[in-house]
1. Calculate the mean, over all residues of peptide B:88-99, of how many other protein chain Cβ atoms lie within 10 angstrom of the residue's Cβ.
2. If ligands, DNA and RNA are left out, what is the accessible area of A:Ile44 with a 1.4 Å probe, given in Å² to the nearest 10?
3. Expressed as a whole percentage, what fraction of the accessible surface of chain B belongs to carbon and sulfur atoms when a 1.4 Å probe is rolled over the protein heavy atoms?
4. Would you mind giving the mean number of other chain beta-carbons within 10 Å of the Cβ of each residue in B:150-157, as a whole number?
5. Which lysines, on any chain, are close to A:Lys13 with Cα under 23 Å apart, when same-chain ones fewer than 8 places away are left out?
6. Report Rg(Cα)/(2.2 N^0.38 Å) for the range B:1-65, keeping two decimals.
7. Among B:Ala111, B:Ala77, B:Ala88, whose mean-square fluctuation peaks in a Gaussian network model of chain B (Cα, cutoff 10 Å)?
8. I need the peptides A:195-208, A:165-178 ranked by packing, meaning the mean over residues of other C-beta atoms within 10 angstrom, with the highest value on top.
Amino acid sequence: MGKTFAEKVLARKAGLSEAVPGQIVEVTPDLGMSHDNTAAIRRIFAKLGLDRVKEPERFVVILDHVVPAAQVQYAENHKDIREFVREQGIRFYDVGRGICHQVVVEEGLARPGDLILGADSHTTTYGALGAFSAGIGRSEMAALWATSKLWLKVPSTIRIELYGRLPELITAKDVILYLIGKLGADGALYRSVEFAGPLVEGMSISERLVLSNMAAEMGAKNGYIAPDEVTFEYLKGRVEGDYEPIYPDPDANYEEVLRFDLSDLSPQVACPHTVDNVVPIEEVAGKRVDQVLLGTCTGGRLADLRLALEVMGGRPVAEGVRMLVLPASREVYVKAAEEGLLKKFAEAGALVLNPGCGPCLGAHQGVLAPGEVCLSTSNRNFKGRMGSPEAEIYLASPAVAGATAVTGEICDPRSLS
Amino acid sequence: MIKGRAWKYGDDVNTDVIFPGRYTYARMEPEEMAKHALEDLDPNFAKEVRPGDVIVAGKNFGCGSSREQAATCLVAAGVGAVVAKSFARIFFRNAINNGLPVLEIPEAVDAIQPGDEVEIDLERGVLIHKGVEYRFPPLPETVLEILQDGGLIPHLKKALAKEG
């Protein structure tokens, strides 16, 4: 019987000839990633009584969650982190470089066949490049700093095959919201997910990253997409050295194989307060909003900004609506500036903010008051996530965000073209 | 032996309502974290929880953000264990790594009502509620060792000391 991607990659990283679902293996990741939580991880690490990170070259730290610091305590954390990475010789990206999951990809730190563990739940993102990447906790990152090793349970695998051609203005975000709605927030719990099929093969890296990113929202451990010419082309000039892609065997033993034809997909919206509360846009169109957030590790890439502007079509942001635009990284910011996108957003009345996570986790840069409604391109709509527990968050694509910003109500982008 | 009253909640209790994001990058000691435990789900919980109390919930408990404080704040609040139909994977790991027993016993979840007395014997692998014993499969050895040492950091400290 053939092997799934997860079984193959975990066997390789554990130095075993094979690994089977349910087995616990001890692995050494190729990369360990942490962000603003590095300050807290450092405090945990100190409890171990160690001075030195065992293999600093395996780690990266990226400041993105509350940047620039919104309060003194955040500033103290950042200061601690800068001191720590300098003292340990850990690769570091300071505030302004961008959201960790975009920076890791842009900097070529995630390669096909790699094992990446990150102290962030959306670490699943790098699966889009053919890596096995999963989120872990802070104590686990401290343990990795100390020993370079961690236990993982080998997951069983669900393969999701996507067919058809997406209609105009329908995006990867609509695809993944649709799938989460179908499977549920625990539909892939503890499982490895492999996204495959012609529809996925036809997607750009930017789109594939959205699928793998939000695999976390169906409970998946990781979300793999087989690396191909599109992947190799993207990685050219970004990745140093060789890498060894890993592919599932054609006769791999899947727990489940799901097939969807998405040729008739309409814009999808996740309603409060869970990501799997998904409806086609017709059911919520017309809902008044106070804020539109275009950005985050799910919806802040260059293609997302272009698409939102295309849908806005030169119209101004509607009266009474605050539109926040956060490019996912400095690279995205600079390109968006070169293309004149940032100017167009500003002229339309939007507020262009620095790259970072800010409003998505309700830390700063646009939190919601009780009773307010936000339409967001981000990946979570939990109660209280963006500020008041009495606020409502709707999740949708950048196209829906653009349409909603200019009409002031949740709006089908196809109705504006 | 873990013994306490049950606090019962539904499916998909996420880490944002267990420990809100507005506190997650603040410097906070566990005692302070305990005051915000379940703040956006049940504002009475932190005020009324007693040592040994057990959280009983539906499927996918702890979904969402990887924030470890979701487990740390419950331990600091005195929670003896969480019993659920299933757990989100990062929360499951964080709970073990903080020395918090997490048990999947779907039948017990259906039977237990808010405020009921619950007893759990980890060694025997049994939960007792109203005289009925619910058995649960033993945790993997790797996991049990971490739990017995009081979490990953004390466990690792012990291992490092042994290596000398």
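The values are calculated or read from the model by the stated rules, or taken from the named source; none is laboratory data. This one's a predicted model, so the numbers in the text were calculated from it and none came from an experiment. Quick reminder, even Gly has a Cβ in these numbers, built from the backbone with ideal geometry, and neighbours come from all protein chains shown. With ligands, DNA and RNA removed, areas are computed over all heavy atoms of the protein, side chains included. Shrake-Rupley method; radii C 1.70, N 1.55, O 1.52, S 1.80 Å.
1. 6
2. 30 Å²
3. Working: 3440 of 6670 Å².
Its accessible area is 52 percent carbon and sulfur atoms.
4. 5
5. Hits, sequence-local ones excluded: A:Lys3, A:Lys54, A:Lys149, A:Lys153, A:Lys221.
6. Numbers: Rg = 12.1 Å, N = 65, 2.2 N^0.38 = 10.7 Å.
Ratio of Cα Rg to 2.2 N^0.38 Å: 1.13.
7. Result: B:Ala111 has the largest fluctuation of those listed.
8. Highest to lowest by the protection proxy: A:165-178, A:195-208.
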